[in-house]
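Report on the structure given below.
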There are 2 protein chains.
Amino acid sequence: MTQPSDTTSYKDIKQTVLRRIRSGELQPDALLPNEQELAIEFSCTRTTVNRALRELADEGYLERRRKAGTRVLSAPHRQARFTIPLVRDEVEALGGTYRYALVSSDLQPAPDWLSARLALRPDQNVMHVRCMHYSGNTPFQFEDRWIVVDSVPQVEQADFSTIGPNDWLVQTVPFTNVELTFLASRADATLAGFLDVPEGEPVFTAERITWLQGQPVTFAKMYFAVGYRMTTEF
Amino acid sequence: MTQPSDTTSYKDIKQTVLRRIRSGELQPDALLPNEQELAIEFSCTRTTVNRALRELADEGYLERRRKAGTRVLSAPHRQARFTIPLVRDEVEALGGTYRYALVSSDLQPAPDWLSARLALRPDQNVMHVRCMHYSGNTPFQFEDRWIVVDSVPQVEQADFSTIGPNDWLVQTVPFTNVELTFLASRADATLAGFLDVPEGEPVFTAERITWLQGQPVTFAKMYFAVGYRMTTEF
DNA sequence: AAAAGGATAAAGTCTACACAAAATGGAATT
DNA sequence: AATTCCATTTTGTGTAGACTTTATCCTTTT
């Protein structure tokens, strides 16, 4: 239908293999024919088969091991991919007008819990920034962020009154590793005030730790407005 | 070090390009040389360059368009990949003993909100299953699930007293599309009872809708025990 | 029996080349 | 000035073949 050419595409092979898995023709743990044989079956080259199987493995359907061959994963560990949007984009995508406001920003020694979490040496300084993100006049997200001064010395000169710490960091320092956590937390008095919700309200929360080649860069807690949903399709 | 051969691998190219992005040598929005030119620079074939750039694009660093070329994404929309674990695996990974208990299961016409959510015709029947997942004797997750009978007729004969509806579905019906949502909800009296928490407690919640080629198969709400954290690294 | 070693099968990747598909930017037309 | 159209560039994907790497499985040795 869609392919005017008469050759077998790696996409065709992916589809066919997927169909065989779904139909039960290929049971969990079953060993697939090797690339050579599949190439003959689909009358294409091994290169094409390789790409198809490689992608299916990447998507979590198959497991491949040299010499051992390719197997159907018994419990396909399918992965949900969340694209983490920038707050501004998210607000605007929802039709709102993005507005940013700095709450506080000060330099201080890292509190113990943070030192433990980021494996900091005692007495390392951090910049503590708290800020609000609004959609129009409605609170959208309260951000509570710590930036490790030793990893980002420029932070001492940064002015967070007009630019959010996340935007500033993205422009300023690269990062290599991220740990992202979602959880539900309870609004204490302070948070309830910022988000304009009753105290005790459940608040969807994301924590994000960022490293640059093993060096901790920043820890952020993001508290979302009531009713926030983090959705993905796959 | 690791590559004994003297050829340039697509991995080398990926690393080099990533380094250039991180170092600022390649600014956001910058246009990369085309594959031909890069192939000459790295003294390898265009095929190899293609694979490197294709993967970097897939990982969210680059944007590629035919004829327009390859650009550095200004805000790399890096994606978090959550591997959605089976409850049993998750409990056992945390060192607990998994235990399952059926709460209720009955056949009924789909409630309006569900019909709307899954685009069901009026009067379609669903199997409503509620069950608990424990770690030892501690509640771990309360699952509230609806299964569309027209999509999975076998469900009328299924016995959910010993096997969880999720496990049963995985074994029985394939699926093609999933929508996954995370949110924070408030424990009402019923839920508080099941999870053994005070009423009003914030509860981390996941909703999952599954389709098979456009046909809605099942809708599930999973309420997690207090303190649950969904974490990923990337 | 257990450990060590080696032949071999399977996936992993590279080269070299060809043609396909898309979309941009400019030329031609209205 | 706007629109249509088309040549050209750039990525996308396929073929054919070779060599590399890994790890399994079998054989041999301890």
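The values are calculated or read from the model by the stated rules, or taken from the named source; none is laboratory data. What you see is a predicted model, and the numbers here were worked out from it, not measured in a lab. We place every Cβ from the backbone using ideal geometry, glycine too, and count neighbours over all the protein chains shown. For accessibility, only protein heavy atoms count, side chains too; no ligands or nucleic acids. Shrake-Rupley method; radii C 1.70, N 1.55, O 1.52, S 1.80 Å.
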Region A:16-101: GluC sites (Glu not before Pro) in DSSP loop, at most 16 other beta carbons within 10 Å:
A:Glu25, A:Glu59
Proximal aspartates and glutamates to B:Lys14, defined as alpha-carbon separation beneath 15 angstrom and excluding residues fewer than eight positions away on the same chain
B:Glu25, B:Glu35, B:Glu41, B:Glu55, B:Asp58, B:Glu59, B:Glu63
Would you tell me the mean number of C-beta atoms belonging to other protein chains that fall within 10 Å of each C-beta in A:176-189, as a whole number?
6
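Full extension from A:Ser104 to A:Thr181: what is 0.36 nm times the residue separation minus their Cα-Cα distance, to one decimal in nm?
25.3 nm
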Non-local residues with an amide H under 5 Å from the amide H of A:Ala187, with H modelled 1.01 Å from N and Pro and chain starts lacking one, are A:Gly200, A:Glu201, A:Val203
Just to be sure I understand: with springs between alpha-carbon atoms less than 10 Å apart, which residue in A:Ala75, A:Ala110, A:Ala206 has the highest mean-square fluctuation in the Gaussian network model of chain A?
A:Ala75
Just add up the charged neighbours of A:Tyr134: K/R +1, D/E -1, any other residue whose Cβ is under 13 Å from the Cβ of A:Tyr134.
-2
Averaged over residues of B:196-206, the number of beta carbons from other chains lying within 10 Å of each residue's Cβ is 3
Taking every C-alpha to C-alpha distance in region B:87-224 and binning by 10 Å from 0, the per-bin percentages run 12, 41, 37, 10, 0
Max mean-square fluctuation residue, GNM over chain B, Cα-Cα springs under 10 Å, options B:Ser115, B:Ser104, B:Ser74
B:Ser74
Take the Cβ-Cβ distance between B:Gln124 and B:Gln157 as r, set R0 to 25 Å, and report the resulting FRET efficiency rounded to the nearest 0.05.
0.85
If you take the beta carbon distance between A:Ala192 and B:Arg22 as r and set R0 to 41 Å, what does 1/(1 + (r/R0)^6) give as a FRET efficiency, to the nearest 0.05?
0.55
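Apply the a/c threshold of 1.5 to the C-alpha gyration tensor of the protein assembly as shown and tell me whether it is rounded, prolate or oblate.
It comes out oblate by the Cα gyration axes.
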Comparing B:Asp12, B:Asp188, B:Asp196 in a Gaussian network model of chain B (Cα, 10 Å), the one with the largest mean-square fluctuation is B:Asp12
Please report the buried accessible area for the interface of B with A, total over both chains, probe 1.4 Å, in Å² to the nearest 100.
4000
For region B:81-110, list residues with backbone N below 15 Å from a point placed 7 Å from the Cα of A:Ala75 toward its Cβ?
B:83-100
Provide the per residue accessible area, probe 1.4 Å, for the protein assembly as shown, rounded to a whole number of square angstrom.
51
With every protein chain present, what accessible area does A:Asp123 have (1.4 Å probe, heavy atoms only), rounded to the nearest 10 Å²?
130
What is region A:190-234 by shape, rounded, prolate or oblate, if you read a ≥ b ≥ c off the alpha carbon gyration tensor as root eigenvalues and call it rounded for a/c under 1.5, prolate for a/b larger than b/c, and oblate otherwise?
oblate
Could you compute how much accessible surface B:Ser43 exposes when probed at 1.4 Å, giving the result in Å² to the nearest 10?
100
Around A:Met230: net Lys/Arg minus Asp/Glu count, Cβ-Cβ under 11 Å:
-1
Mean other chain Cβ within 10 Å across B:168-174 is 2
Considering only region A:1-135, percent of DSSP beta bridges that pair antiparallel, nearest 5
100
Please give the solvent-accessible surface of A:Arg19 in Å², to the nearest 10, using a probe radius of 1.4 Å with every protein chain present.
140
Output the antiparallel fraction of DSSP beta bridges having both residues in region A:102-234, as a percent to the nearest 5.
100
For B:Gln36 paired with B:Thr97, estimate the spin-label separation in nm (one decimal), with each label point 7 Å from Cα along the Cα-to-Cβ line.
6.9
Computed for chain B: size of charge dipole around the Cα centre, +1 on C-beta of each Lys and Arg, -1 on C-beta of each Asp and Glu, debye to nearest 20, value 1020
Qualifying chymotrypsin sites (Phe, Trp or Tyr not before Pro) in region B:114-166, DSSP loop, other Cβ atoms within 10 Å at most 16:
none
Provide the net charge surrounding B:Ser105, with neighbours chosen by a C-beta distance below 12 Å and charges set as Lys +1, Arg +1, Asp -1, Glu -1.
-3
Under 8 Å for C-alpha pairs, at least 6 residues apart: give me the relative contact order for chain A, rounded to a whole percent.
14
